[in-house]
Structure formats: structure tokens, C-alpha cells
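Here, each number is a calculation from the coordinates, and none is a lab measurement. Since we're looking at a predicted model, the values are computed, not measured. For neighbour counting, all protein chains shown are included, and Cβ atoms are generated from backbone atoms with ideal geometry for every residue, glycine included.
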Amino acid sequence: MKVLVIGGGAREHALCRSLSQDPAVTELHCAPGNAGIAQVATVHPVDQLDGAQVTALARELGAGLVVVGPEAPLVAGVADAVRAAGIPVFGPSGAAAQLEGSKAFAKDVMAGAGVPTARSYVCTTPAEAAEALDAFGAPYVVKDDGLAAGKGVVVTSDRDEALAHAAACERVVIEEYLDGPEVSLFAITDGSTVLPLQPAQDFKRALDGDEGPNTGGMGAYSPLPWAPEGLVEEVLATVLQPTVDELRRRGTPFSGLLYAGLALTSRGTRVIEFNARFGDPETQVVLARLRTPLAGVLHASATGTLDQLEPLRWDEGAAVTVVIASEGYPAAPRTGDPIEGLAEAEAADGTAYVLHAGTEAAEDGRVLSAGGRVLSVTATGTDLAEARERAYRSVERISLKGGQHRSDIALKAAR
């Protein structure tokens, strides 16, 4: 099978790495890719938001599967264009991707499906926002209704800060604060069958101790030794399958990756948000533990044959990812700096490796920073403590001017 992956972040590097190790994949391509992806796939300079360009490239390559990684191309309908050309594509339609593209749409779907989530109000004016904030009280949770690259949510006890974020967005969803630890659970679906993956936890705040501004994610780990027994089965029955069934009932079937961000509250499991694609950086640790070859699973989703798959196989150990971000991230990321020590950070036995996010190759062969989150250093081990130790050992071997990372990824869980 020839596979074309769309995107250029660490999530796509993780997908490409797994696909490159799959014996069924005869050719691997990525558009637009990055400096790291170029080591495992042929990269192509294509506008990932342009469905016609993506479809033309897939046709030219003779791709048997197109995997759309990021949310923006999905919401823009890129998967629809590829699907219309008769090419199997992993990723939901633009209509179904509104599950991530609009928080208000997601709340409406959850209401129809009976999915447990936070109570909320959709607000379009400052007066509505103020009324909603007062109805719920602090801490305030204000979410941009549209796509915001994982950074459109403000959780604060400062009412003025909450109002300012609401005013900066055209439409917001204001909801009650959900207490308890958060869990990310991915599921692959073909619109009917739902296949849950292993849960992970990510770290949204920029600084140690969950301080600082919200980011796209500063690290992740899997498995979750503290998670209640039967959590995956519970979420499949109460969240994932009902959501997929509701979208199919509405005439907007969802095939691809359904990501549920969950809070394990004192009143039970609640959905914080849905995403319509693999999450970053959780993908890095989930795929690090997946032993079933990836291409066949994604192809089964794209062709409606998930019910024919054997059960997924998983590594019994653990995986940890630590994100190295550029100076100034998330407010004003600095770019264009050389990155040193990448080869030294890779373990010869494959237990530690570097996935590129915001990087580009310079003409002289050096790798330069080209985004806010620059690298995802990923390691595996027999348990979280070993995986964590390996990940941070590799992080210390990498040099990026002004680079920043959290030092407490998976620390509590590994103890």
C-alpha cells in the first residue's frame, strides 16, 4: 500500500514513523512534512488546506490510503475531496469534523446522544458572557467556539480575564468547571464500529506544576496506572459509541479518529471536548505502545471494515513524551534557531527517539526551529519511571537557544 499523510507536526511524524515500520506500506509520502518526517517519508510542498491539491497529489502518487492529520484540513473538507475521488481516506468529512470545529455543535450532538458533559451556555455578546460567568461562578471556563490549535480555552478564577477572552472571540461556550483528573481517549471508527485505543494524559499548561498559560500540550504519558478499572469500556458505552451513532443518525457519519477529552469528576466521567483527529502530544505515546501494524487499522476505518479486524495488540510497558518548545512559546515563539544533539538523543535500541514538530531543514543541512512546539522527545520502558528517565536523558542531549520544557511530565504517575 502507498500511503500519503497530510500535515507537518509531531503527530504526523509519529504517524509516519509507525507507518514506515509497517511491512504492508510499500511507499510513504507526507505533505508538507518537516525535517524529521523527511527521514522516513518523501515530502511534498502542498497546501494542506487545499482539497484539490491534496487529491491531485494522491492521484499522482497512486496512493491507496490518505491520512489527514491536523484538524484545519479536516474542517476545511479535505477528506471530502479525496473521498470524492474514490481514494480511501482516514479522517472525517468537513460536516462531521464540526465536532471539533464548533464547540456549540459538539454540545448539541452530546445532548442528542445523551453523553455526560459540563453544563454550558453559548454566548455571542459581552452581556451574555457576563451572565453565564456569574451563573457558574469561578473557576471560569471560556472556550472559543472555533478552531484555536488547542489554545482557545481559558480556565481562570479572574472574572476580568474570562470576560476579555470571551470578548476576543466571535462566539464562545462558557461552561461549568469540571473537577478531577483529565484523560485523553482516542477511538478509531468507520462510522459504525468503534475501536478504542489506550488512554493517555497530556499536560496543557506551559510550566511545571500545571502553572502558566494553556498550550497545545507540553508532554504526555501512557498507560495511566491510577485510572479506574473498566474506564475504557465505560467511555466506549457512554460516550464514544453513542456519539458515533448520533452523528450517523443525523446523516453526518463520522469515520476516522474520535478523540474524547475527559474529566473524571466526583460526579462521574464527563466529556470536556471532542477532537476529530489524533491529539498531539498523546499520539506520540499511544502509537509508541501500539504493536498492531497501523496501516491496516487506518485502512479498515477508511473502507468501513473495522468489524473484521483482530483485537489490537499493545506493549505492556509505558511511554513518555516531553515537548521541547521554543523561547517565547506560547505567546510569541522564536524561530530560526539551529537545533543540536538530535542524533545523540536517539537511543540505538529504539527506546528513545525524537519526533519533529516545528522544524525545517536549512540549505546547509542544519535543522532549524520553525514553530512553537519544536520537538517531541519520546521514550518507552518497562514502566513509567524507566520511560521517563530515558525521555529526560534524551532531552538533556538536545540544544536549542532559549528552548523550554517541563520537568514534571509523568512525575506523579511514575512514583
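Key figures for this structure:
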| quantity | calculated |
| --- | --- |
| Per residue, the convex hull volume that the Cα atoms of the range 1-64 enclose (Å³) | 67 |
| Radius 13 Å from Cβ of A38, net charge of other residues (Lys, Arg +1; Asp, Glu -1) | -1 |
| Estimated vicinal HN-Hα couplings, Hz - the range 116-128 in sequence order (Karplus 6.51, -1.76, 1.60; Gly, Pro = x) | x, 8, 6, 5, 8, 10, 9, 10, 10, 10, x, 5, 5 |
| Cα centroid separation - the range 372-415 against the range 212-245, whole Å | 21 |
| Binned Cα-Cα distances of the range 44-113, short to long, each 10 Å bin given as a whole percent | 22, 48, 21, 9, 1 |
| For W314, residues with placed amide H under 5 Å, excluding near neighbours | R291 |
| Long-range HN-HN contacts of A118 with modeled amide H, under 5 Å | V271 |
| Of all DSSP beta bridges in the chain, antiparallel share, percent nearest 5 | 80 |
| Long-range Cα-Cα pairs in the range 131-197 (distance over 17 Å), rounded percent | 52 |
| Kirkwood-type radius of the range 305-392, with distances r between different C-alpha atoms, in Å | 14.8 |
| 3J(HN,Hα) from dihedral phi, the range 180-188, Karplus parametrisation 6.51/-1.76/1.60, rounded to Hz, x for glycine, proline | x, x, 9, 9, 9, 10, 8, 9, 9 |
| Karplus (6.51, -1.76, 1.60) ³J(HN,Hα), θ = phi - 60°, over the range 214-225, in Hz, Gly and Pro reported as x | 5, 10, x, x, 10, x, 7, 8, 7, x, 10, x |
| Convex hull per residue volume in Å³, alpha carbons only, for the range 199-342 | 181 |
| Amide H contacts of G33 (H built 1.01 Å from N, under 5 Å, at least 5 apart or other chain) | G7, G8 |
| Longest to shortest principal axis, alpha-carbon extents of the chain, angstrom | 56, 47, 41 |
